[in-house]
Amino acid sequence: MKFSYRPSPNFRSKRHTSRIMMDLTVCLLAVLLCSAVSYSIIYGPAIGIRAILMAAVSVITAEATEAVYFKIRKMDIKKELEHSYGWVTALILTLITRIDVSYYALIVATILCIIVGKLVFGGFGQNIFNPAAFGEAIIMNNFAASKAADVTAKVYDTLSGGTPMAAMNSYGWIIEKANFPDFIQQFGGFSNMAMGGYPSVIGGSCAIVILLCGAFLLWRKDINYHLSCTYLVVLFVMSLIVGLYHGAGVEYALFHVLGGGVLFGTVFMMTDPVTTPISIPGRVIFAVGCAALTMILRWRSNLPDGVLFSILLMNMLTPAIDRLSDGNQIKNRKLIRNKVLGVSAVIMLITLLVGFFGIEAKHPVVSASGANTTALKDEDFAANAVECTAQGNGVYLCKAKGFEGVNEATITVKDGKIVGFEVTAFHDTPGVGDMATAEAELTRYNGVSLDSIIDATSGASFTSSSLRAMAAAALKADAGEPVSTAPAAAPEGSLGAEDFSANEPYCTVWTNTNKPEYVYKCTAKGFEGVNKALVTVNKDEGKVIAIEVTEFNDTKGVGDAAVAEAELARYAGLTLDAKIDATSGASMTSASLRAMAAAALNAAAGN
Amino acid sequence: MSFLTGPMNHHLEGHKEITKHADVLKTIDPDVVWIPLVNGNAPCKPLVEIGDEVKVGTKIAERNDHFYLPLFSPVSGTVTGIEKFMTSGMAQADHLRIQNDHKHTEVRAFPAFDAEKASWEELLEFVKNAGMLGLGGAGFPTYVKYLKPENVELFIVNAVECEPYLTADYKNIEENIDLLKTGTLALYKLSKAKKGCVAIKEDKKEQIKALKETFAGTPIEIRTVPDLYPMGWERTLVFQLTGRRYDKLPIEAGCILNNASTAIALGNAIDNGHPITHKYLTVSGEAIRNPQNVYVPVGTKAHEIIDACGGYIDGIEDVLLIAGGPMMGRTIPNDQFVIAPQNNGLTVLPTEDKDEVKCLRCGRCTETCPSGLQPVRIQMSAAIFDEAELNKLYVMDCIECGMCTYVCPSKIDVTENVRRAKNFIRARMASRAKEAKK
């Protein structure tokens, strides 16, 4: 009989780090699957499949990178891979990435975050920064333009106000209580936000699933509730106080907690034990700091969301926070408690001061969604390209562009009022657009005249506007007004005669507060990427007033010749009939700008 | 502020049902016993010569430095020598070899004593001369705790037995509940405490009922504590029962504690005039054929007890033989050591490979450490020999309860690393003391 020696204790719990990581993996896959399914339903199966492909690409890249690294370091590849948990990093990275990020950007970010974010520090357990957050920071800072334009157009450009975070930003990060219902209605209310019915990052969609995962991980004791709960509570309380100060309600605080990456970050990133403090007092300070930074970054920085960078910034402080909780937790409990309370109080005070004096409400005009105040005859349906043909007896067959396709309806008009509205062809997104064509919605058109005000169907604003456009056109046709005018042939060589189809220009109304000035938000392909601009047009005169480039994604040093101030000044007063020369040496970028100007003018003209 | 500290305890799988209901094996009567001539770190001086005849209850040795402790012979027979070998505490010590004549001739070690009528001073003297020592594991002479019982609020008999696998106290109480009553009341009197209690884990339902019946009409309460580890440790138990923490000794929190088997031993001395000669010992674990409790003379060799329990399970070639339970007991790399009075178990486990991975800083050890330490940070500071940081982390407060290793999901020997850190600090302090002398 052999008597082995092992230092005591010789009794261990069955819990293993690998099991914790497997639980985490299962949860991450659940979130991924939910996002893929909801993307498939809302934007079509191709987008859903893309989410899964992105995750697969990132995981394969991560594992391959680690394998190569271990091979070079002459380590046991199989064993090291098993205990390095690179796939968890890759999955989290994918889930905090936007769906339109190119595979190339994702692969580079994965490689960098695995090597520079983790392996060079000594591998799993040794890294300073949350590797996934590190990878996403690389994508955000270096690959902003490396996007699949078709996916961007399909998912993100459909929202008039952008993602909830971007929309909130346009309000100056504060919304008075009275305006909040209209605002949140754009995203289908809190219930829709909770179910993930709006585009965000891939994993940011399904709040319910994330919360369920959080509950599961807490139950399995895989994550620690001190950090997550403190973070959520502090975030909620501080945004509530600041909100109340500015006249906002509880909903504002709820928006801070439900919106953006907060829930995903809380469940999957802040709970990463490797990069957060060890002791509970340390974790509480970390959570308070994260909450404060999240809010300050949201309020004052030009980042889309503050969660990611708040985690990265606090990661840097982890060793210092750990040292704050030096000592014996029993003997020094009062000292440690006072340190926690003191540090938290200072952090929260600073945050509240920033909140009180650093933010100011703005009032952007939200177009084509939510409550409507414009009479049907005055609404701008230029983008819908509506056509109506009279069939006699007040019956009109109408066609109008919706979100994806052209919808058709048979509308019966009697005495200047609609008496029948039947949708004969529906070509928008099933499950979304058809909310507007539901029977209950269509009955709203009964008795509608040109002076009526019809609200858009929330959550289906594009389809709804195609229906309203057809209603307006039918009523106008019945009143003897012209509805569809074929564009007059533009003079040779003029802006209107140029062919910009390669640039795929696209414009939506941004604001129209200063009628007849309309501001159009336009996108058009340049040389390398998609450029964006705000084009202000005098609608009555069909003239460009100003063009402002908001996003420039072409070659620096070449394309930007076309966006120089002097060049942009040339667009002032431009009409479709006028001729404008390309900027020499930057013809591609210039074409994209001209395409946007033309598109805005066309839209203003109702073409 | 429990929100900032974590539970500082943890429920462990007890594995107590293995031996809890089996009968106690009392037939072990070795031909030779070896009495360890050591108490704590102090040697005990033999009072008999080689060749002397001894009887059960003959005083054979005593510790006589700043504490006094007599040792008594557990068998009748002849003293045949003194041998030096390793104790169950992994230290080399002299052992008095006594050849057993299997006649069990007894000598009354001390006359009958009436604890109720005796004065406090007489009772203290009796406890001292009866050789009572902490049978829970420490082996500390009992009378020392009661020398100056001032402002004692609560006297506690510790029947918690939180160490996994061990049921020796349970079986001892089951068989000697009347002696427990005598001993407890005597110690309660000695403690001059305002209140007294027997603390027992809430899951031992039958025993709680029996204890309540036995102690009905006495000032001793039966208090149940949750099934958590290390509930049997003095500090955890005092905190559980009184909500108080203390710095060095439980008396600072107004408490005096003794183990239940110590109280039973005292009851045995008072009622029957028997000193501590035998021990209830749990022999358990996954590698022993017949796990059960045994009642053996002090000084019996481990391998004789293992053999009496059917030996090792066939097919197991590599075992961990642990003196005590698996949490705090030491692994002994041979089976030649003998049972000392403070031993209460032998746990035999098959040696298994462990799947150690890197620390992920999950902080479980910090949350469950009953001493309020941060084992993972101690481990990291020890790796770079950062003496100042180790002191800031109160490394010397560690009691080596084993919790940090138990909870570690990465299967790291955290307790052992902390132990090394303590040894490093001790060595530094010793070398500085040496420097100072020069």
Inside the range B:411-425, the number of residues satisfying the requirement of being facing chain A (nearest Cβ under 10 Å) and more than 14 Å from residue A:11 (Cα to Cα) is 3
Answer from B:128, B:59 - the residue that is farther than 27 Å from residue B:188 by Cβ and at pLDDT below 95
B:59
Scan of the range A:193-226 for residues that are within 14 Å of another protein chain (Cβ to nearest Cβ), assigned to a loop (DSSP other than H, G, I, E, B) and touching a residue at least 60 places away in the same chain (Cβ under 8 Å), ordered by number:
A:220, A:221, A:222
Would the range A:331-347 turn up any residue that is in the same structural domain as residue A:232 (by TED's automatic domain parsing) and within 29 Å of the chain's Cα centre (by Cα)?
yes
Considering only the range B:395-417, state which residues are among the acidic types (Asp, Glu) and over 12 Å from residue B:359 (Cα atoms).
B:397, B:400, B:416
Hey, could you check the range A:302-344 for residues that are closer than 20 Å to residue A:266 by Cα and at pLDDT below 90 and say which is surrounded by the fewest Cβ atoms within 10 Å (Cβ to Cβ)?
A:303
List, please: which pairs have Cβ atoms under 6 Å, are six or more places apart or on different chains, and start with a residue in the range B:386-397 that is facing another protein chain (nearest Cβ under 10 Å) and over 11 Å from residue B:425 (Cα atoms) and end with one that is assigned to a helix (DSSP H, G or I) and of a type in the set (A, V, I, L, M)?
B:393/B:378
Top-ranked residue in the range B:349-369 [being surrounded by fewer than 20 Cβ atoms within 10 Å (Cβ to Cβ) and more than 9 Å from chain A (Cβ to nearest Cβ); ranked as farthest from the chain's Cα centre (by Cα)]
B:356
Selection count, the range B:62-86, where residues are at pLDDT below 90 and under 21 Å from residue B:28 (Cα atoms)
0
Looking only at the range B:304-336, which residues are closer than 24 Å to residue B:94 by Cβ and more than 11 Å from every other protein chain (Cβ to nearest Cβ)?
B:304, B:305
Away from chain B (no Cβ under 13 Å) and over 30 Å from residue B:303 (Cβ atoms): is that true of residue A:88 in this structure?
no
Could you please let me know if residue B:189 is over 17 Å from residue B:136 (Cα atoms) and either away from every other protein chain (no Cβ under 14 Å) or of a type in the set (Ser, Thr, Tyr) (or both)?
yes
Quick one: count up the residues across the range B:370-385 that are within 8 Å of chain A (Cβ to nearest Cβ) and assigned to a helix (DSSP H, G or I).
2
Can you tell me how many residues within the range A:4-38 are surrounded by fewer than 22 Cβ atoms within 10 Å (Cβ to Cβ), polar (S, T, N, Q) and under 30 Å from residue B:89 (Cα atoms)?
2
Within the range A:262-301, restricting to residues that are outside any helix (DSSP H, G or I) and within 13 Å of another protein chain (Cβ to nearest Cβ), the one that is surrounded by the fewest Cβ atoms within 10 Å (Cβ to Cβ) is A:271
Looking for something touching a helix residue (DSSP H, G or I) at 6+ places or on another chain (Cβ under 6 Å), in the same structural domain as residue B:168 (by TED's automatic domain parsing) and under 15 Å from residue B:145 (Cβ atoms) - is there at least one such residue anywhere in the range B:263-273?
yes
Given the structure, is residue A:374 modelled with pLDDT under 80, of a type in the set (S, T, N, Q) and surrounded by fewer than 19 Cβ atoms within 10 Å (Cβ to Cβ)?
yes
Here is a check on your reading of the model: is residue A:350 of a type in the set (A, V, I, L, M, F, W, C) and either touching a helix residue (DSSP H, G or I) at 6+ places or on another chain (Cβ under 8 Å) or farther than 24 Å from residue B:398 by Cα (or both)?
yes
Boolean, residue B:339 is more than 7 Å from chain A (Cβ to nearest Cβ) and either over 24 Å from residue B:10 (Cβ atoms) or more than 27 Å from the chain's Cα centre (by Cα) (or both)
yes
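The values are calculated or read from the model by the stated rules, or taken from the named source; none is laboratory data. Source: prediction; values computed, not measured. When we count neighbours, we look across all protein chains shown, and the Cβ atoms used for this are built from the backbone with ideal geometry, even at glycine.
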